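This report concerns only the one structure given below.
The numbers here are math on the coordinates, done by the rules we state, and not lab data. Since the model is a prediction, treat every value here as computed from it, not as a measurement. Glycine gets a Cβ as well: all are built from the backbone with ideal geometry, and neighbour counts include every protein chain shown.
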Amino acid sequence: MFEFGNVTLDRFIIHQVGSSFDPTSLLLSESELVIHDPDLKQVLLSYFLSSFKPGAFYQFDIEDNPENHIMNQYTSSIFENPSNFKQDSDNIAKWLHNTSQHPNIKTGELYIGLFKNCSIDGQECDCLGIFKSENKDIFLKVFQNDQQIMAEYDEGVSIRKLDKGCLIFNIHGEKGYKITIVDKVNKGQEAQYWRTDFLSLLQISDNYYQTEQVMQVCKQFGNEVLTDKNSVEKAEQIAFLQRSQDYFKNSERFDNDEFSKKVIGNDEAIEAFEDYKKQFTENYGVEFADNFSMSKPAVSKGKKYFRPAIKLDRNFHVYVHGNPDFIERGFDSTKQMNYYKLFFNEES
């Protein structure tokens, strides 16, 4: 967890960066921006920091060669010698421009700040913030001119919508620091440039990561293995997803043996689930822990994985929120069609 109650903005600069397809889209400021207005400082702190919520943490993908990771080099230089801030901020902007290799990447302001008095995991440290605004909003300005109320509009950046950002905390530098990101990506090839090409990150294998991955496995196992092709009725698939959701929601810890007995049940299904996890590991490089503390933010975010629905042709969607035993499947020989029978006590 991180906390910004006492944070201060120590150094700050704004550049302009766009796609590398447009050489003119890179504009570097001549000097740092010194902000004397305390209200403006608070507005900037709110804009930069309020979008970061508890969730996944990352680190630079430095492997065994931290000196070969560009952003790790610039970050380390700023932390070790803040007097390098201007020069390193220029290098960061140039690197972002160089890695923005898609014509659809928008030109926008790149804000780089060095924050003091940040707290993460109970430890106080400096933090390097890098943010990019890519979208402009139209603002209506209403003001009084003598006895007349006037209105005009202007274009600017909404302080409630941070498009892209990262906070690099000055801890665990030998592993590639501890990093959290915001990335309001669009669909398309340009979507991954911030996280992958510019920052080059690996997700940290903590409780959030483990919870997120095992929930993803349960969802895919239910949708890909517990299917009609494998002689598994839809109600059985839904029952598994429902039991999984209840387990993640109500448990403080994940225990693989306990999960297998409570959620999966029979030995054949348990074996199939373990085989699927091994295949998932081979495909995605995920190493699963057998026991870990459940991350509530990951469980909350992963609710979308467990929305059991029965899709019937293009006519009906039946969403199952309770006991799937109250659903009965059959076949009508007269209409030559399948049907579902639903049992309930009250209609609302």
For the chain, modelled as a GNM with alpha-carbon contacts under 10 angstrom, which of LYS184, LYS132, LYS229 fluctuates the most?
LYS229
Filtered hits (aspartates and glutamates, Cα-Cα < 15 Å from LYS106, offset >= 8 within chain) -> ASP22, GLU134, ASP137, ASP163, ASP183, GLU190
Other residues with Cβ under 13 Å from the Cβ of LEU140 give, with Lys and Arg +1 and Asp and Glu -1, a net charge of -3
If the chain between ALA289 and VAL232 were fully stretched, how many nm would it gain, using 0.36 nm times the residue separation less the Cα-Cα distance?
17.7 nm
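For a quick check: sort VAL34, VAL217 by the number of other beta carbons within 10 angstrom, fewest at the front.
VAL34, VAL217
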Per-residue Cβ neighbour rank within 10 angstrom, fewest leading, SER348, SER89:
SER348, SER89
What's the longest bit of the chain with no exposed GluC sites (Glu not before Pro), using DSSP loop states and at most 11 other Cβ atoms within 10 Å as the test?
64-251
Would any residue of the range 15-32 have its amide N under 13 Å from a label point 7 Å out along Cα→Cβ of ASN84? List them or say none.
none
On a straight-distance basis, which aspartates and glutamates could pair with LYS303 in a cross-link, Cα separation under 13 angstrom, same-chain partners fewer than 8 positions away excluded?
GLU212, ASP246
Compute the projected area of the convex hull of the Cα atoms of the range 111-241, averaged over all viewing directions, and report it in nm² to one decimal place.
15.4
Picking from GLN147, GLN42, GLN245, which is most flexible by a Gaussian network model of the chain using Cα springs under 10 Å?
GLN147
Could you give each residue of the range 241-249 its phi-based ³J(HN,Hα) in whole Hz, using Karplus coefficients 6.51, -1.76, 1.60 with θ = phi - 60°, and x for Gly or Pro?
5, 5, 5, 4, 4, 4, 5, 5, 6
Assuming 0.36 nm per residue, please report the length gained on full extension of the stretch GLU155 to TYR339 beyond their Cα-Cα distance.
60.7 nm
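Checking a compactness column here: for the chain, what do you get for Rg(Cα) / (2.2 N^0.38 Å), N being the number of residues?
Dividing the Cα Rg of the chain by 2.2 N^0.38 Å gives 1.26.
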Before rounding to the nearest 500, sum -39500 (n - 2.57) across all DSSP H runs of length at least 4 in the chain and divide by the residue total; then give [θ] at 222 nm in deg cm²/dmol.
-9000 deg cm²/dmol
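Among the listed pairs LYS132/LYS178; LYS136/LYS164; LYS178/LYS261; LYS175/LYS277, which have their C-alpha atoms separated by more than 25 angstrom in this model?
LYS178/LYS261; LYS175/LYS277
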If ILE130, ILE149 are placed from fewest to most neighbouring beta carbons inside 10 Å, the sequence is ILE149, ILE130
Full-stretch length increase - PHE326, ASN117 - with 0.36 nm per residue and alpha-carbon distance subtracted:
69.7 nm
Out of LYS311, LYS262, LYS296, a Gaussian network model of the chain with alpha-carbon springs under 10 Å gives the largest mean-square fluctuation to LYS311
Sorted from largest to smallest, which semi-axis lengths in Å does the alpha carbon gyration tensor of the range 207-342 give for its equivalent ellipsoid, taking the root of 5 times each eigenvalue?
29, 16, 13
Partnerless cysteines, meaning none of the other Cys C-beta atoms lie under 4.7 Å away, in the chain:
CYS125, CYS166, CYS218
